[in-house]
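Trainee: Take this structure first; my questions come after.
The values are calculated or read from the model by the stated rules, or taken from the named source; none is laboratory data. The shown structure was predicted, so the numbers you read here are calculated from the model rather than taken from an experiment. Neighbour counts run over all protein chains shown; Cβ positions are idealised from the backbone, glycine included.
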Amino acid sequence: MYKKIYKKIKKYNNIVIARHIGPDPDCLAAQIALRDIIKNKFPPKNVYAVGVSAAKFYHFGRLDKIRTPLPKEDSLLIVVDTPDEERIDGTIVNDFAYSIKIDHHPFDKKFCDIELVDEEASSACQMIVDLCNKTRLRLDKETASKLFLGIVSDTNRFLYYYTTPHTFELVAQLVRKFNLDIEELYAKLYYRSLNEVRLQGYIAMNMIVTENRLGYIKIPVDKISEFGVDSSSAGNMINEFNNIMEIITWAAFSQDAKNEVIRGNIRSRGPVINVLASKYGGGGHKYASGVRLDSWEKVDKFIADLDELCKKYLEEHPETK
């Protein structure tokens, strides 16, 4: 499979790399690093990383604008970290002669000619490292640094269940081979503004906890403006609340006025949440998923369904503490 992907990369002169809407560090790092890896190996090729930029993750590098239409017959699309076609940001699969998917989420549907799906992989970035190890594509210190950060972010510093011995082997390889400065890289990933810290305090003080041990908060646009952050920053704070004894599932819903959606970020320590997220047009992993809803009414319905999911889990697992 890896060699087949490499042959297709070698064949096409125009290559577009896309990822899912609502970018996170893993998808951005995988996307931008893969673009640079291909450019380094094949300088004459036109290689683009597309989609809406995320100011919070500027340190991963700039995204590209395609000014003129690409010739379909000589264009390849690579989609990373995206299980379904509807969530691709910035391009359309049918505009390309050939398409490749590289993803670590549970399989949803086939939409590319080649689909490399590894549910055991910790991250899309881990899969890009594997791609380089198994083909003639090569990393340098810059791309290795990006992929390291993507792996660290998607495993929440190696805390999640899909962190495997292979994950640690690849991370050790990156650190050893490229002499990565871990302290410097972590600073890029975890430094935050005082406004974000204050918003985190607001979330902690105002999170609603149900009797079924669901913790959630709704953050409207006026509250986001009050703290001077954006909706993606607010939603990403969900990872800060994964060690609260009184909750087994937690969610943050932040209003994105610019895109007219409400972003829902959900995490769990027991109930499987990605099936419910898929029902509402979202998706993700069993214990880490996201949705994009168009009204607070739908948010309330999603919260009610999520609370029912927690209730059933507690009934089936009375030992849960």
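Trainee: Any idea which of 61, 51 is in contact with an Asp or Glu (Cβ under 7 Å, 6 or more places away or on another chain), crowded, with 17+ Cβ neighbours inside 10 Å and on the phi > 0 side of the Ramachandran plot? Spell out how you get there, then give the answer.
Mentor: Numbers: 61 fails: in contact with an Asp or Glu (Cβ under 7 Å, 6 or more places away or on another chain).
Within the list 61, 51, the selection yields 51.
Trainee: Restricting attention to region 224-282, report how many residues are part of a helix (DSSP H, G or I), under 14 Å from residue 203 (Cβ atoms) and of a type outside the set (Gly, Ala, Ser).
Mentor: Residues of region 224-282 part of a helix (DSSP H, G or I): 224-227, 231-241, 274-279.
Right, trim to under 14 Å from residue 203 (Cβ atoms) and you get 224, 226-227, 231, 233-241.
Still in the list and also of a type outside the set (Gly, Ala, Ser): 224, 226-227, 236-241.
Adding up the residues that qualify gives 9.
Trainee: Shifting gears a bit: What number goes with the only condition from (1) surrounded by fewer than 17 Cβ atoms within 10 Å (Cβ to Cβ); (2) touching a residue at least 12 places away in the same chain (Cβ under 8 Å); (3) closer than 21 Å to residue 95 by Cβ that residue 23 does not pass?
Mentor: (1)
Trainee: Checking residue 94 against (1) touching a Leu at 6+ places or on another chain (Cβ under 6 Å); (2) farther than 26 Å from residue 126 by Cα; (3) of a type outside the set (Gly, Ala, Ser), which single condition isn't satisfied?
Mentor: All conditions are met except number (1).
Trainee: Something else: How many residues does region 236-252 contain that are without any contact (Cβ under 8 Å) to a residue 60 or more places away in the chain and within 17 Å of the chain's Cα centre (by Cα)?
Mentor: Number satisfying all stated conditions: 5.
Trainee: Residues that are closer than 30 Å to residue 282 by Cβ and in contact with a Phe, Trp or Tyr (Cβ under 6 Å, 6 or more places away or on another chain): does region 43-66 have at least one? I'd like the intermediate steps shown before the answer.
Mentor: Within region 43-66, the subset closer than 30 Å to residue 282 by Cβ is 47-66.
Okay, now just the ones that are also in contact with a Phe, Trp or Tyr (Cβ under 6 Å, 6 or more places away or on another chain), so 64, 66.
Checking region 43-66: at least one residue is closer than 30 Å to residue 282 by Cβ and in contact with a Phe, Trp or Tyr (Cβ under 6 Å, 6 or more places away or on another chain).
Trainee: Confirm whether residue 32 is assigned to a helix (DSSP H, G or I) and either at pLDDT 95 or above or crowded, with 18+ Cβ neighbours inside 10 Å (or both). Please lay out each step first, then the result.
Mentor: Numbers: assigned to a helix (DSSP H, G or I): yes; either at pLDDT 95 or above or crowded, with 18+ Cβ neighbours inside 10 Å (or both): yes.
Answer is yes for this residue.
Trainee: Of the residues 108, 140, which single one is modelled with pLDDT under 95 and acidic (Asp, Glu)? Walk me through how you get there before you give the answer.
Mentor: Values: 140 fails: modelled with pLDDT under 95.
Sole residue among the options that is modelled with pLDDT under 95 and acidic (Asp, Glu): 108.
Trainee: Of all the residues that make up region 181-203, how many are surrounded by fewer than 16 Cβ atoms within 10 Å (Cβ to Cβ) and more than 24 Å from the chain's Cα centre (by Cα)?
Mentor: The total comes to 3.
Trainee: Something else about it: Within the group 128, 203, which residue is modelled with pLDDT of 95 or more, of a type in the set (Val, Ile, Thr) and part of a helix (DSSP H, G or I)? Explain how you work it out, then say what you get.
Mentor: Numbers: 203 fails: modelled with pLDDT of 95 or more.
Of the residues listed, the single one that is modelled with pLDDT of 95 or more, of a type in the set (Val, Ile, Thr) and part of a helix (DSSP H, G or I) is 128.
Trainee: Do we have any residue at all in region 172-189 that's outside any loop (DSSP other than H, G, I, E, B), over 19 Å from residue 267 (Cβ atoms) and of a type in the set (S, T, N, Q)?
Mentor: Here is the first cut: in region 172-189, the ones outside any loop (DSSP other than H, G, I, E, B) are 172-178, 182-189.
Applying the additional criterion that residues be over 19 Å from residue 267 (Cβ atoms) yields 172-178, 182-188.
Right, trim to of a type in the set (S, T, N, Q) and you get 173.
Yes, because at least one residue in region 172-189 is outside any loop (DSSP other than H, G, I, E, B), over 19 Å from residue 267 (Cβ atoms) and of a type in the set (S, T, N, Q).
Trainee: If I filter region 84-96 for residues that are buried (at least 20 other Cβ atoms within 10 Å of the Cβ), at pLDDT 95 or above and under 18 Å from the mean Cα position of the chain (by Cα), do I get at least one hit?
Mentor: No, that holds for no residue.
Trainee: Would you mind listing the strands (runs of 3 or more DSSP E) fully within region 45-110 where at least 1 residues are within 30 Å of residue 184 (Cα to Cα), touching a residue at least 40 places away in the same chain (Cβ under 8 Å) and in contact with a Cys (Cβ under 8 Å, 6 or more places away or on another chain)? So that I can check it myself, show each step before the final result.
Mentor: Details: elements: 46-49, 75-80, 98-103.
So the answer is 75-80.
Trainee: While we're on this one: With the requirement that a residue be modelled with pLDDT of 85 or more and either in contact with a Lys or Arg (Cβ under 6 Å, 6 or more places away or on another chain) or surrounded by fewer than 18 Cβ atoms within 10 Å (Cβ to Cβ) (or both), what does region 228-242 give you?
Mentor: The answer is 228, and nothing else.
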